[in-house]
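Q: Pasting a structure here, questions to come.
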Amino acid sequence: GAARGALRDRVRSLLRPVLDRIGWEPASDESDLVGRLRGLLMAAVATSGCDTEVVAHCRSVHARHLEDPTFPVHPEILSASVTVVAVTGETHDHRPMKEPFLAADNPQEQLRWLYALTEFDDGALLLDTCEFAVSGAVKSQNAPFVLARSIANRNHGGVAWDFVRRHWNHAIENF
């Protein structure tokens, strides 16, 4: 309700000026901490602050990366963009998150895409993520974390918890 709107406004008013001050793109001489801060600010301003300009920027970065995985983008901006697309995403955004996970050549990249699947604000998509976690496509060492993050989903954690309870024996045997 009104409190959520006030929180969004407050997040934007506090964090957007900081993002604008450090810049949306990395400078050649900046520290790793500034790069990390930029990614955190982008994600927070877009997801908690619902800043449409930052959401659009993150969606653009995400789309360019999906079109061309060699597209040069700072890892923190890519991470923020993946998160923003997931949090603000819909059905047509969900499937394209699975494909890079399956094609990733390193664990860090796999986890970025895998954990993003737990951020979608749609109960059916979250249920699909839970099913994907126990399908065998996800390593058994990672599946419990996917399920836990799904349970922690801000609006549909109950869907994931029901799934885990129905698949408890599978979880015990495999995890």
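Q: Compare the Cα positions of Trp168, Ser31, His62 along the charge dipole of the chain (+1 at Cβ of Lys, Arg; -1 at Cβ of Asp, Glu; about the Cα centre) and return the one farthest towards the positive end.
A: After comparing all options, I get Trp168.
Q: Something else about it: Quote the FRET efficiency, to the nearest 0.05, computed for Ala137 versus Arg165 with a Förster distance R0 of 22 Å and r equal to the Cβ-Cβ distance.
A: Efficiency computed from Cβ-Cβ geometry: 0.50.
Q: Picking from Arg12, Arg59, Arg21, which is most flexible by a Gaussian network model of the chain using Cα springs under 10 Å?
A: Maximum fluctuation in the GNM of the chain, among the listed residues, is at Arg21.
Q: How much area per residue is accessible in segment 18-175 when the probe is 1.4 Å and only protein heavy atoms are counted (Å²)?
A: Value returned for segment 18-175: 52 Å² of accessible area per residue.
Q: Quantify, in whole percent, the carbon and sulfur part of the accessible surface of segment 41-175 (1.4 Å probe; protein heavy atoms only).
A: Carbon plus sulfur share of accessible area: 52 percent.
Q: Below 8 Å between Cα atoms, with a sequence gap of 6+, how large is the relative contact order for segment 59-124 in percent?
A: Relative contact order for segment 59-124 comes out at 32 percent.
Q: Here's another thing I want to ask about it. How do Phe120, Phe71 stack up against each other in accessible area, from largest to smallest, with a 1.4 angstrom probe?
A: Per-residue accessible area, sorted high to low, gives Phe71, Phe120.
Q: If you don't mind, there's one more thing I want to ask. Counting only other residues whose beta carbon sits under 13 Å from that of Arg10, what net charge do I get with K and R as +1, D and E as -1?
A: Local net charge: +2.
Q: Here's a follow-up. Would you kindly find the accessible area of Glu30, with a 1.4 Å probe and non-protein molecules such as ligands, DNA and RNA excluded, rounding to the nearest 10 Å²?
A: 50 Å²
Q: What full-extension length gain, to one decimal in nm, is calculated for Arg154 and Arg95 as 0.36 nm per residue of separation minus the Cα-Cα distance?
A: 19.2 nm
Q: Then there is this: Provide the per-residue ³J(HN,Hα) series for segment 134-141, in order, calculated from phi with Karplus coefficients 6.51, -1.76, 1.60 and θ = phi - 60°, each as a whole number of Hz, with x at glycine and proline positions.
A: Residue by residue, segment 134-141 yields 9, 7, x, 6, 9, 4, 4, 6 Hz.
Q: Compare Lys98, Lys139 by solvent-accessible area with a 1.4 Å probe and give them largest first, with all protein chains kept in place.
A: Descending order: Lys139, Lys98.
Q: Okay, next question. Can you give me the distance in nm between label points at Thr70 and Arg8, each placed 7 Å from the Cα along the Cα-to-Cβ direction?
A: The answer from the label model is 4.0 nm.
Q: Evaluate the relative contact order of the chain (contact order divided by residue number), counting alpha-carbon pairs under 8 angstrom at least 6 apart; express in whole percent.
A: 14 percent
Q: Still on this model: Once the whole set of protein chains is in place, how much accessible area is left on Glu53, using a 1.4 Å probe, in Å² to the nearest 10?
A: Looks like 100 Å² after rounding.
Q: Assign one of three labels to segment 1-55, namely rounded, prolate or oblate, based on the Cα gyration tensor with a ≥ b ≥ c the square roots of its eigenvalues; rounded applies when a/c is under 1.5, prolate when it is not and a/b is larger than b/c, and oblate otherwise.
A: Verdict is prolate for segment 1-55.
Q: Calculate the dipole size of segment 29-175 relative to its Cα centre from +1 charges on Lys and Arg beta carbons and -1 charges on Asp and Glu beta carbons; express the result in debye to the nearest 20.
A: 440 debye
Q: On a 0 to 90 degree scale, rounded to 10, what angle separates helix 157-166 from the longest Cα axis of the chain?
A: Taking the Cα atoms of the chain, the angle to 157-166 is about 20 degrees.
Q: Provide the solvent-accessible area of Arg8, counting protein heavy atoms only and rolling a 1.4 Å probe, rounded to the nearest 10 Å².
A: Here the accessible area works out near 90 Å².
Q: Here is a follow-up. Which whole-number percent gives the relative contact order of segment 106-175, counting Cα pairs below 8 Å spaced six or more residues apart?
A: 31 percent
The values are calculated or read from the model by the stated rules, or taken from the named source; none is laboratory data. Please read all numbers here as calculations on a predicted model, not as lab measurements. Quick reminder, even Gly has a Cβ in these numbers, built from the backbone with ideal geometry, and neighbours come from all protein chains shown. Quick note on the areas: whole protein, heavy atoms, side chains included, nothing else; ligands and nucleic acids left out. Shrake-Rupley method; radii C 1.70, N 1.55, O 1.52, S 1.80 Å.
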